[in-house]
Amino acid sequence: MSFTQSYVHELQGVLASLDLAKVDRAIDWFRETRDGGGTIYLCGNGGSAASVSHITCDIVKGCSYLRDKKFRVMALTDNLATITAYANDVGYEEVFVEQLRNFATPKDLVLAVSGSGNSPNVVKALEYARTVPCRTIAFTGRDGGKLAPLGDLNLHVNEQHMGRIEDSHMMMLHMIAYSFMDCAVE
């Protein structure tokens with residue numbers, strides 16, 4: 001079996017193990033947050049930062065354009081000036097939580113993505129979000145790390161390989177977004 005065949009085979013096994021009922025619950029929470037006038041905040045590091053930025057674009061445009069019901073979504077990863085100012089002046093572990101302190105309200109939802117589940121800035125963001133209290137969703141891999149128990153809903157990928165964790169996270173994020181794009185205009 002080639003490397004690519006092996007990778008796909010392993011990924012298929014990971015995808016088959018995902019708890020799709022939890023993805024359905026996340027979809028419901030996105031809808032409830034939107035319909036309740038709340039904002040959805042997303043954060044992550046590295047590849048997870050790229051994933052939350054990507055899905056924010058999909059939701060802001062794909063799930064809102066030409067629709068009566070619009071999503072209020074912000075990727076906390078996308079304001080480079082804010083991130084670098086906090087990282088330089090306060091500490092990188094504060095880059096997301098400080099933004100949430102400015103914006104988060106009890107009607108909001110905070111979604112944090114970490115393959116290891118141990119990124120300090122992502123963990124701090126969910127710790128703070130729970131005090132607001134916002135609803136929280138954690139996307140985790142490996143053993144879930146410190147992040148898993150902080151999510152009111154934890155979408156866990158029981159896998160060690162970071163690429164397959166990130167593939168699975170992106171697929172679940174696409175399931176959430178496309179559930180609002182593939183149906184009739186709401």
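The condition of being touching a helix residue (DSSP H, G or I) at 6+ places or on another chain (Cβ under 6 Å), over 25 Å from residue 162 (Cα atoms), without any contact (Cβ under 8 Å) to a residue 60 or more places away in the chain and not in a loop (DSSP other than H, G, I, E, B) holds for only one of 100, 126, that being 100. Among the residues of region 109-141, those that are out of contact with any strand residue (DSSP E or B) (no Cβ under 8 Å at 6 or more places or on another chain) and within 15 Å of residue 98 (Cβ to Cβ) comprise 120, 124, 127, 128, 131, 132.
Among the residues of region 135-186, just one is among the β-branched types (Val, Ile, Thr), at pLDDT 95 or above and out of contact with any helix residue (DSSP H, G or I) (no Cβ under 7 Å at 6 or more places or on another chain), namely 165. Scanning region 113-121 turns up at least one residue that is surrounded by 24 or more Cβ atoms within 10 Å (Cβ to Cβ), of a type in the set (Gly, Ala, Ser) and either farther than 28 Å from residue 31 by Cβ or in contact with a His (Cβ under 8 Å, 6 or more places away or on another chain) (or both).
Just one residue in the set 82, 77 is in contact with a helix residue (DSSP H, G or I) (Cβ under 8 Å, 6 or more places away or on another chain), more than 20 Å from residue 138 (Cβ to Cβ) and either modelled with pLDDT of 95 or more or in a helix (DSSP H, G or I) (or both); that residue is 82. The condition (being under 18 Å from residue 18 (Cα atoms) and surrounded by fewer than 15 Cβ atoms within 10 Å (Cβ to Cβ)) is satisfied by just one residue among 133, 149: 149. Set side by side, the residues 124, 107, 61, 22 differ, and just one is charged (D, E, K, R) and over 21 Å from residue 151 (Cα atoms), which is 61. Where helices (runs of 4 or more DSSP H) fall entirely within region 1-66, those with at least 1 residues that are acidic (Asp, Glu), in contact with a Lys or Arg (Cβ under 7 Å, 6 or more places away or on another chain) and surrounded by 13 or more Cβ atoms within 10 Å (Cβ to Cβ) are at 3-16.
For residue 178, the conditions (1) part of a helix (DSSP H, G or I); (2) closer than 17 Å to residue 47 by Cα; (3) more than 14 Å from the chain's Cα centre (by Cα) are fulfilled apart from (2). Scanning region 129-147 for residues that are in a strand (DSSP E or B) and among the basic types (Lys, Arg) returns a single hit, 135.
The values are calculated or read from the model by the stated rules, or taken from the named source; none is laboratory data. All figures in this text were calculated on a predicted structure; none of them were measured in a lab. Cβ coordinates were reconstructed from backbone atoms using ideal geometry, including for glycine residues, and neighbour counts include every protein chain displayed.
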